Each structure stands twice: as C-alpha cells, then as structure tokens.
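Only one structure is covered here, and it is reproduced in the block below.
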Amino acid sequence: MASVGKWITGGLGWAFFGPIGGILGFVVGSLFDQGFSVQSGTHYQTGQQTTQGGYIMSLLVLVSAVMKADGKVLKSELDYTKDFFIRSFGLETAGEAIKVLRDLLNQNVPVTEVCQQIRQNMDHPSRLQLVHFLFGIAAADGQIHESEHTLISYIAQQMGISEKDYQSIESMFIANTDAVYKILESDPSATDEEMKKAYRRMALKYHPDKVHYLGEDIQNAANEKFQKVNEAWEIIKKQRRIV
C-alpha cells in the first residue's frame, strides 16, 4: 500500500494540533479507509519550528479554501497544484497531495482560525511563500476571480502579512502600471539610490535560503518569488538607465 507521505511520517509538528489538526485528522482517517498507511516511526512534534509536513499540510488546507472561493473547482487548478507538487516533491508525492486535497475540498475550512494558527507558529518568510503559492493557484485558469482575490487578501491579513508585503506578491500576478515598483515595495517617486536600497532589501527578504529549513524542494519553489524581484529590478534599471 502507498504511504500517506513523508510529510506525515516526518512529523506534522504544531499542525497536528488546533484547527488544522482537526481538519487533517478527518482527512488522514479517510485515507486510511482508502487503503493508505503511515510508515512506522511517525511522530508529531510540538516544537515551534515548522516541519516540512506541517508546512505542506497547512498549504493544502489554504489551497482548498481558495479553490472553492469562486464557487467551483476547475481542472486547471487541480492540474496546476499537481504540477507544483511534481516539480517540488516528485510524482508519487504529488499524487498523494492531490488525494489529500480532494478530501479537503469536501470540508468547510475555518479560514480565520487556520490563519491564526499559522501566524502563531510559522515564520514570516514561510508565510510569504504561502501567499505566493495561493496567488499561483488562483491564476491557474488565466484570471484571478474577485472572490479568490478577496480571500487571499484576507488570508494574508489574518496571517500577519503587512500591506506592503502583500502588494509586493500581488503585483507579481496582477499587472498594473506600478507593478515593478510594488514588487520592490517602493514607488516611482523614489530616487535611484532609494531603488537600489529597495532592491537589496527585497532580495534579502525573498531569498530562497530564508526557507531552507523546510527542505530543498520548498527552497527551490521559493526561487520563483526571488526571480520576480530580480526581473522587476532589471526593468527599473532599464527604464531609469541605472548602471
């Protein structure tokens, strides 16, 4: 029989408790009924640092809420999610993630309580990466619906993400005239020297090494956000002819 995945066998950490734990308890029980098994040695850590298992399960819970926000779940959204997990964790784990997600889509997610639990237990760089991935899911069908946009904004707020940080990630997916400046948390009135400082600050904030403790796969996924910062800076440099 297949394993529920290295996320559970590696420990769910704080995600085993609270509202997320209640949701996952139902899902894991459902998977057992389908013939899945957890390998021996499974443990649930209670320390504050987020485990990879806790991170992935928290991500799937939020993804299920966003996917249902517009009243329908599209195949393109499921495909995007599966592709992400294939790139990040491999084919077998991706298949397991989608099975977990399908069960989550049948549940009501208490978004406020889930976000508060994440805010209390997950560090800032990891929460930023969650918001980035949620926008990617919402944009999977070629557009971000207003209901999805509103929910992601609410999730970010409840997870303690500042408005500037939120707008930076939002601008990576929703084009506007000042998008490249918002990505760098700045504005067109800033001087060239201020823009250089803004770029260095954002490159440090979004560097993939910030989430290295979650494993190489999550770190690689975080590189997409880091690349958006570099792309925005290159556009601004060309526009301003900054050397």
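Close amide H contacts of Thr50 (hydrogens built in the peptide plane, cut-off under 5 Å, sequence separation of 5 or more or a different chain): Asp123. If you average the alpha carbon positions of segment 79-102 and of segment 167-243, how far apart do those two centres end up, in angstrom? What the calculation gives is 28 Å, centre to centre. Each residue of segment 224-234 was assigned a 3J(HN,Hα) from its phi angle through the Karplus curve 6.51 cos²θ - 1.76 cosθ + 1.60 (θ = phi - 60°); the sequence is 4, 5, 4, 5, 4, 5, 5, 5, 4, 5, 5 Hz, with glycine and proline shown as x. Estimated from helices alone, the mean residue ellipticity of the chain at 222 nm is -20500 deg cm²/dmol (sum of -39500 (n - 2.57) over DSSP H runs with n ≥ 4, per residue). In nm, to one decimal, how far is the modelled label at Glu146 from the one at Gln158, with both set 7 Å along Cα→Cβ? My value for the distance between the label points is 2.1 nm.
Can you give the longest run of the chain that contains no trypsin sites (Lys or Arg not before Pro) sitting in a DSSP loop with at most 11 other Cβ atoms inside 10 Å?
73-240
Note on Asn108 and Asp187: the model spin-label points, each 7 Å out from Cα along the C-beta direction, lie 4.2 nm apart.
In the chain, the convex hull through the Cα atoms has an average projected area of 13.0 nm², a quarter of its surface area.
No lab work stands behind these numbers, since they all come straight from the coordinates. The structure displayed is predicted, hence computed values, not measured ones. Virtual Cβ from ideal backbone geometry, glycine too; neighbours counted across all protein chains shown.
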